[in-house]
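Trainee: First the structure, which I've put down as structure tokens, then a few questions once you've had a look.
The values are calculated or read from the model by the stated rules, or taken from the named source; none is laboratory data. Just so it is clear, the structure is predicted and the values come from calculations on it, not from any experiment. Note that we place each Cβ from the backbone using ideal geometry, even for glycine, and neighbour counts take in every protein chain shown. In case anyone asks, the SASA skips ligands and DNA or RNA and just uses the protein heavy atoms, side chains included. Shrake-Rupley method; radii C 1.70, N 1.55, O 1.52, S 1.80 Å.
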Amino acid sequence: MAILKIARMGHPVLRGKAAEIADPGAPEIQRLIADMMATLADAGGAGLAAPQVHQPLRVIIFHIPPEGPPEGADEGADEGAEEATRPPPEPPPAPPEVLINPVIEPEGEEMAMDWEGCLSVPGLRGLVPRFTTIRYRGIDGEGARVERAASGFHARVVQHECDHLDGILYPMRMPDLSLLGFEEELDRYRLVIEAEEPPGEDEAPETGPETGPETAKVAAKRG
Ligand code: NI
């Protein structure tokens, strides 16, 4: 396995449409996936798409966030003091999921705003709208067909990585570029707040004045 150089915004490979992979089991594809795994592990982040390592092919890898309690599901049974002491999410130990020739379909039109970063746009974060719930399908690293439903951060990561396959970087999805900034400055000025999950799509916000796009959970996703 090799750690590959990551293309940064401005490189043409990030602007093109990546090609379908005809043979997911081909040795060069398997090697690319292994190298992407090594590269993501080295760089840190939630996911990586092949164009980011200068390969215009339709393959992405991403970490599926650990299953927390479904949003809103636990609140009746588990009321207590955990809110304040809940530890921050830790990187999942499992290897990232591999998805070849992925196809995404939104489930419904609900979208949510949250912060994203990208290994190809280093040092920056922006507030990006994404579909809250999607279905995606494709082929996994062993050549098996996969189809899954995803919501929340999981859905966000998959949408972010799939965008790379079509030449789209997250700033291109932002309706308000004033919310694109350097991580350090956003942290310093607390535009970025490590807070609760954003309210579920059907729920009214629980907290009053500070609830808004700026208080959405900071996932600091880099992909
Ligand atoms: Ni990215």
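Trainee: With over 23 Å from LYS5 (Cα atoms) and touching a residue at least 60 places away in the same chain (Cβ under 8 Å) as the only criterion, which of ARG137, ARG125, ARG145, ARG156 stands out?
Mentor: ARG156
Trainee: Open to solvent by 80 Å² or more (accessible area, probe 1.4 Å), out of contact with any His (no Cβ under 7 Å at 6 or more places or on another chain) and under 27 Å from MET172 (Cα atoms): which single residue out of ARG8, ARG58, ARG31 fits that description?
Mentor: That would be ARG8, the only listed residue that is open to solvent by 80 Å² or more (accessible area, probe 1.4 Å), out of contact with any His (no Cβ under 7 Å at 6 or more places or on another chain) and under 27 Å from MET172 (Cα atoms).
Trainee: Between residues in region 29-50 that are over 21 Å from PHE153 (Cα atoms) and more than 16 Å from the ligand (Cβ to nearest atom) and residues that are open to solvent by 30 Å² or more (accessible area, probe 1.4 Å) and among the β-branched types (Val, Ile, Thr), which pairs lie under 8 Å by C-beta distance while being six or more apart or on different chains?
Mentor: Hits for this filter: ASP35/ILE3; ALA38/ILE3.
Trainee: Next question, about the same structure. Inside region 17-28, can you point out the residues that are more than 14 Å from the ligand (Cβ to nearest atom) and buried (at least 18 other Cβ atoms within 10 Å of the Cβ)?
Mentor: ILE21, PRO24
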